[in-house]
Every structure is written in C-alpha cells, then in structure tokens.
1. Using the Cα centre of the chain as origin and beta-carbon charges of +1 (Lys, Arg) and -1 (Asp, Glu), tell me which of LEU265, ILE121, HIS281 is placed farthest towards the positive end of the dipole.
2. For ARG309, which sequence-distant residues (separation of 5 or more, or a different chain) have an amide H within less than 5 Å of its own amide H, given hydrogens modelled in the peptide plane?
3. What per residue convex hull volume, in Å³, comes out for the range 239-315 when only alpha-carbon positions are used?
4. From zero outward in steps of 5 Å, how is the percent of C-alpha pairs of the range 2-151 spread across the bins?
5. Tell me, what HN-Hα J-couplings in whole Hz come from the Karplus equation 6.51 cos²θ - 1.76 cosθ + 1.60 at θ = phi - 60° for each residue of the range 264-281, using x for Gly and Pro?
6. Which is the longest run of the chain containing none of the chymotrypsin sites (Phe, Trp or Tyr not before Pro) found in DSSP loop states (not H, G, I, E, B) with at most 16 other C-beta atoms within 10 Å?
7. Treating the angle as unsigned and between 0 and 90°, give the value, to the nearest 10°, between the Cα long axis of helix 239-251 and the longest Cα principal axis of the chain.
8. Which cross-chain or sequence-distant (5 or more) residues have an amide H under 5 Å from the amide H of ILE47, H modelled 1.01 Å from N in plane?
Amino acid sequence: MPKAKTASATNLHAVVGSDESEVKRVATELAAKLTPPDAGDFGLEVIDGCGDNAEQSASRVRAAIEALQTLPFFGGKLVWLKNANCLGDTVIGRSASVQGALEELGEVLEAGLAPDITFLISASEVDKRRSFYKALSKRAELEVIDKLDASRSGWEEEATEIVRSRAKARGLQFQEEALDLFVLLTGGDTRQIENELEKIDLYVAESRRVTADEVRTLVPLSRAGVIFELGNALAGCDLNRALGLVRSLLDQGESAIGILLVAILPTVRNLLLAKDLMERHRLSRPSAPFPFISAINRLPPSATEHLPRKKDGTLNAYALGIAAMSAHRFETAQLMAGLEACLDANVQIVSSQLDHELILTEIVVKLLACR
C-alpha cells in the first residue's frame, strides 16, 4: 500500500485503488478519524460520488465543491466525496462535463481550503494519467490500495503479510502449512480474506489455532486452490489425491496444457531447484518457507543467478521455500526424469490424438509411483 504524503496538505486526503472493498474499509475508518468530534451532526457531509451517467457524476463533483465552499456552523467539518466513479478511464471519466467539474474542483483545492474544513475523496477506478490525479497526488495525503496481482511473481509474500496481520488482530494462530494454504486459496483478494477469516474465527472458537485441515474444510476450493493443492499433492507424493485433482481440473474445463504448465511443471522444477540448492550448499530442510528464503539470500550471486526472479530483479524465492519443505522425498535423478516427462507430455498434448487425461495421469504416475 504505497503512500504519498505532503505535510502542507493535512486537510486534504484521498484513498484510491483497484481493491474496492479495501478502499471502502480504509476510507470509512479514515472518515471516522477525520470527522470533528465536537461538531455533532454537522461535522460530516457525505456526497455519493457514484453517478449513473456523466451529468450526474459531474453534479456530484460540483456538490462537493459547494460543500467545501460552505463554512461549517461550528467545530469544523469533513466533506467526503465517496465512491467517486469519475476518476477512471471510462465513458463517464472521459466526458467533457466530468473533466470540467474535476478541473473546477482542482482549482478549489489548489486555492486552499478553510482551516476548519477537511476534504476526503475515495475511488476504486482511477486513471493515474489524468491531471486531476497527478495534482491530487502532490497535494493530498494519498493512500493507494491496489489488488494484488496473483499472476505476478512474489505476490504470495505480500498476501501472507496481509493474512498474518489480520489473523493476529483476531487472535488467530495459523500453522505454517495452514497459512500457506489459506493464502493460495484466497489469492490475495482482501474481501475473500476477510470473509474467510470471519468464518474461521467462528469455527475455531476458543482454541484460536488454525490447522491446514480446517482451512481445507472451510475455505472454498477455487480453480487457483485446486491448482495449488495439485502442487501440494505432487510434492507430498500423494498419488491418489494428485490423480483426483487432475481429473477435477479437467472436469472444470481446464486445458491439459494449462494444468501441465501452471501446476505440474512448476512443481517439479521448483523441487529440483530447491533440492539442488540444499545439496550443493548444504542448506537444511526448512519447516516453513521463510527460513529457506533467508538462507538463499545469504548465498553468493554466482549460486543464485539461475533462479527465477520477480519483475524487479529480486529472487522469487517463496515457491522455492515451499518446495524445499518437500524436496527430501525425491531423488535428484527422479526430478530430472520428471522434467523430461513434462517435455514429452507437452509434445504429446499439442501434437498427438492421445487422451489428455491419460497423458497427465502417466506423467503423475512416473513422478510418484516409484515412491
């Protein structure tokens, strides 16, 4: 959640970002904090910024301008333009009437607000190229809350910290395996995280400890969850469960090539990389991913230059940490043969008429049947 702050604009605040539920939650908490406690019913003026069309949205912005230019009766006031849908790159946001209204609002904010008036704007759709947003980012206490991109390398670490923090606030203690599973099943979606934590909170009652079995029981097994569980089953050498999950994904309409490239191949590759690191550099088998991440980060650059990386160039070590917890179950030669089997399966899927479930079943059996 990156923030941009300017000390000279403490009466101007903005909460924006693509994570709609979290934007609403944070903005509501901030509004309660900013509302003058001694102003009574006149201390908070809320303007619904979600217009049905361009003209309605423009009128809501002008209503906010009018509220900012109207002095409070006593004790100060907060003006909140709530859930504004005119800041995004949409038909409404691009309209001339809305752009004109935002330009007027920008001029009012640039001229400065009365000392006893505070302005808060919240929005989930924001076009950061627009001049209004750029001006807002310079003048306001700005909080940007974007959804985690589960397709981006390294998102798991960010999601883990979100879950860990919210679980701690509820007094919940996750086992490491349960925490990893919960993160993958909820996919970094803050609304789902909150909903599932509330469900778990009620279920565990006084014990306050959360196990992996309880997470599997309570949290819905989404597509991402099935894929993650397939990786877990492969790493755990659970042949029957792995075959059942492959069949489940195919029944859900997933393509065989997608299952191979998203679940099976990454699992085998990460197991091989983790086992190689452990053998070559005498790294201990971890009980959780993060100690292994720390151990990797202490290695010289020459030892890690072949490892997968995030967009910012840092190591994508979280998946390797998970793999390292299970790599002891496999021999290096077995994993190398598993990679070759993945290549053969890839060729068969795209170039032969063989049954796709049979191809995937064969690769899973080759990897695990000898255990």
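Bear in mind these aren't lab numbers, they're just calculated from the coordinates by the rules spelled out. Bear in mind the structure is a predicted one, so any value in this text is a computation, not a measurement. Cβ sites come from the backbone with ideal geometry, for glycine too, and all protein chains shown count toward neighbours.
1. So the residue furthest toward the plus end is HIS281.
2. The list, which skips near neighbours in sequence, is ASN316.
3. Cα-based convex hull of the range 239-315, divided per residue, equals 131 Å³.
4. Distribution as computed: 2, 10, 20, 24, 22, 14, 6, 2, 0, 0, 0 percent.
5. Karplus-based 3J(HN,Hα) across the range 264-281 equals 6, 4, x, 5, 5, 4, 5, 4, 5, 4, 5, 5, 4, 4, 5, 6, 6, 10 Hz.
6. In the chain, the maximal stretch lacking such sites is 75-371.
7. Orientation of helix 239-251: about 50 degrees from the principal axis.
8. Hits under the 5 Å cutoff: TRP80, LEU81, LYS82.
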